[in-house]
1. Give just the number: which of (1) at pLDDT below 90; (2) surrounded by fewer than 15 Cβ atoms within 10 Å (Cβ to Cβ); (3) farther than 24 Å from ALA219 by Cα does GLY48 not satisfy?
2. Among the residues of the stretch 177-195, are any assigned to a loop (DSSP other than H, G, I, E, B), open to solvent by 30 Å² or more (accessible area, probe 1.4 Å) and at pLDDT 90 or above?
3. Looking only at the stretch 89-117, how many residues end up being under 18 Å from the mean Cα position of the chain (by Cα) and either polar (S, T, N, Q) or modelled with pLDDT under 95 (or both)?
4. With the requirement that a residue be assigned to a helix (DSSP H, G or I) and open to solvent by 50 Å² or more (accessible area, probe 1.4 Å), what does the stretch 152-175 give you?
5. Residues GLU73, GLU67: which one is open to solvent by 40 Å² or more (accessible area, probe 1.4 Å), of a type in the set (Asp, Glu) and not assigned by TED's automatic domain parsing to the domain that holds HIS212?
6. Consider GLY133 against the criteria (1) on the phi > 0 side of the Ramachandran plot; (2) surrounded by 13 or more Cβ atoms within 10 Å (Cβ to Cβ): it satisfies all of them except one. Which criterion is unmet?
7. Can you tell me which residue within the stretch 76-88, out of those that are open to solvent by less than 70 Å² (accessible area, probe 1.4 Å) and of a type outside the set (A, V, I, L, M, F, W, C), is nearest to the chain's Cα centre (by Cα)?
8. Need the failing condition index for GLU73 against (1) at pLDDT below 90; (2) among the acidic types (Asp, Glu); (3) touching a Phe, Trp or Tyr at 6+ places or on another chain (Cβ under 9 Å), just the number.
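The values are calculated or read from the model by the stated rules, or taken from the named source; none is laboratory data. Keep in mind the model is a prediction, meaning the values are calculated, not measured. Here the Cβ positions follow ideal geometry from the backbone for every residue, glycine too, while neighbour counts run over all protein chains shown. The protein model used for the area step is the full one, side chains on, heavy atoms only, and it has no ligands, DNA or RNA in it. Shrake-Rupley method; radii C 1.70, N 1.55, O 1.52, S 1.80 Å.
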Amino acid sequence: MNSSADMLLTPSDPTDTGTQQIRDAIRDAIVERRLAPGTKLSESDVGGLFNVSRTLARAALQALAYEGLVNVERNRGAFVAYPSPEEARQIFAARRLVEPGILKSAAERITAAQLKQLGQLLLEEGRLIGERGQSARRAEIKASGDFHLMLASISGNLIMQRFMEELVARSSLVIALYGQSSASSCGHSEHADIITALGRKDVDTACDLMLHHIEHIEADLDLRERKSFDLREAFER
């Protein structure tokens, strides 16, 4: 049986398409927290997993590094990024600046069919919340991120859509590192309130709810600076 990685690429895929598919697959694994911050991503392992050359694997890792999802260190290789508390604050500050604007653009363009799609996504998110197990938890995390990405798609701004893909993925890294409870993943009821406001064409309320939603996620993060100790100090305390 072929693995999911094998199925992503076919021999006829052009180089650019193959790089994008590898990048998207690794990004999805980061968003769903299957790849933890600090995980090593060697070119040979990535190439072997996706049955591509190291050159193609390197290009995908470089693309992820450009998005801030991977750190490439000289003579050490590539690792899933390990954002600092200050980077975490900047990521959520960016979301507070960007997402209300996305909502305003989406509200101008949204159709009844798209509202229904958002509602269906919300139903799926709610169903997954009630299920147990790691696979259900990962699917719930992805559905929560997909809510924000669908709004960006509805806005019709492709640049903002790509930017939100980066912000959602980087937020997932931050939550994996600093989140204190399941509240960090994304508030299901808050998503529902935003959809209700959009359905009423109440853009100001939708934007206020989005800001509250982002602040709620950030408030659950433990971003306190911690003093680093050397080996002896660590065991003397």
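1. Result: GLY48 passes all but (1).
2. The first filter runs over the stretch 177-195 and keeps only residues assigned to a loop (DSSP other than H, G, I, E, B), leaving 180-181, 185-187.
Adding the requirement that they be open to solvent by 30 Å² or more (accessible area, probe 1.4 Å) leaves 180-181.
Subset that is at pLDDT 90 or above: none.
So far as the stretch 177-195 goes, no, none of its residues is assigned to a loop (DSSP other than H, G, I, E, B), open to solvent by 30 Å² or more (accessible area, probe 1.4 Å) and at pLDDT 90 or above.
3. Within the stretch 89-117, residues that are under 18 Å from the mean Cα position of the chain (by Cα) and either polar (S, T, N, Q) or modelled with pLDDT under 95 (or both) number 1.
4. Once the filter is applied, which keeps residues that are assigned to a helix (DSSP H, G or I) and open to solvent by 50 Å² or more (accessible area, probe 1.4 Å), the stretch 152-175 yields SER153, LEU158, ILE159, MET160, ARG162, PHE163, ARG170.
5. Values: GLU67 fails: open to solvent by 40 Å² or more (accessible area, probe 1.4 Å).
Residue meeting the stated conditions: GLU73.
6. Failing condition for GLY133: (2).
7. The qualifying residue nearest to the chain's Cα centre (by Cα) is PRO83.
8. Of (1) at pLDDT below 90; (2) among the acidic types (Asp, Glu); (3) touching a Phe, Trp or Tyr at 6+ places or on another chain (Cβ under 9 Å), only one is false for GLU73: (1).
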